[in-house]
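Handing you this structure, nothing more for now.
The values are calculated or read from the model by the stated rules, or taken from the named source; none is laboratory data. Because the structure is a prediction, the values reported are computed rather than measured. Virtual Cβ from ideal backbone geometry, glycine too; neighbours counted across all protein chains shown. Protein only, heavy atoms only, side chains kept; ligands, DNA and RNA dropped before computing areas. Shrake-Rupley method; radii C 1.70, N 1.55, O 1.52, S 1.80 Å.
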Amino acid sequence: LMKCPIDKADMIVVEHEKIEIDHCLRCSGVWFDSGELELLASLLTSEGASKQTDLLKPREVEHAEARRKCPVCGRKMDKVSLGNAKTALVDSCPRGDGLWFDSGELHHVLGEIELPKTQAAQDVISFLGSAFQFSLGADKKG
């Protein structure tokens, strides 16, 4: 089992389609292995919405937050921002093993994406909502 980079608790694996997300029940943090965020983005975005997926491309930022260790390789992770200017700071493995979202950060980032009304997107949204106790635009009119 993977250990949480914050509190060292065992994480559980939550699965949807081909995406496996590691989740810490103690601190509500979420780990995406490399490529899984992109998979999630592709399920959540409609055809030709590449601008949307750009919001999910990590950009390195300078920050004073303590660096956490990657739960896969143990190296100190970089702080990256996802989404628009005022975004969540997430932890990114320098080796490319994956991304760590503190509690609420995934919700924050996904909240910036214009979600399509496709069944696939709605399925992902309800899966994430039930897995991580948040709601995303399912009831928004667009």
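So which residues in region 110-133 are closer than 17 Å to His23 by Cα and either touching a strand residue (DSSP E or B) at 6+ places or on another chain (Cβ under 6 Å) or of a type in the set (A, V, I, L, M, F, W, C) (or both), if there are any at all?
Passing the criteria: Leu110, Val124, Ile125, Phe127, Leu128, Ala131, Phe132.
Looking only at residues that are out of contact with any Leu (no Cβ under 8 Å at 6 or more places or on another chain) and among the acidic types (Asp, Glu) in region 90-122, which one is farthest from Ser34 (Cα to Cα)?
So, considering only residues that are out of contact with any Leu (no Cβ under 8 Å at 6 or more places or on another chain) and among the acidic types (Asp, Glu), the one farthest from Ser34 (Cα to Cα) is Glu114.
Restricted to region 60-75, and to residues that are surrounded by 12 or more Cβ atoms within 10 Å (Cβ to Cβ) and modelled with pLDDT under 95, which residue is nearest to Leu1 (Cα to Cα)?
So, considering only residues that are surrounded by 12 or more Cβ atoms within 10 Å (Cβ to Cβ) and modelled with pLDDT under 95, the one nearest to Leu1 (Cα to Cα) is Arg68.
Tally time: how many residues in region 15-38 are assigned to a strand (DSSP E or B), among the hydrophobic types (A, V, I, L, M, F, W, C) and either open to solvent by 20 Å² or more (accessible area, probe 1.4 Å) or touching a Gly at 6+ places or on another chain (Cβ under 9 Å) (or both)?
2
Can you tell me how many residues within region 1-15 are closer than 19 Å to Gly74 by Cα and touching a residue at least 40 places away in the same chain (Cβ under 8 Å)?
6
Can you tell me which of Ser103, Ser130, Ser126, Ser92 is under 13 Å from Trp31 (Cα atoms), at pLDDT 75 or above and open to solvent by 40 Å² or more (accessible area, probe 1.4 Å)? Walk me through how you get there before you give the answer.
Working: Ser130 fails: under 13 Å from Trp31 (Cα atoms); Ser126 fails: under 13 Å from Trp31 (Cα atoms); Ser92 fails: open to solvent by 40 Å² or more (accessible area, probe 1.4 Å).
Unique residue meeting the criteria: Ser103.
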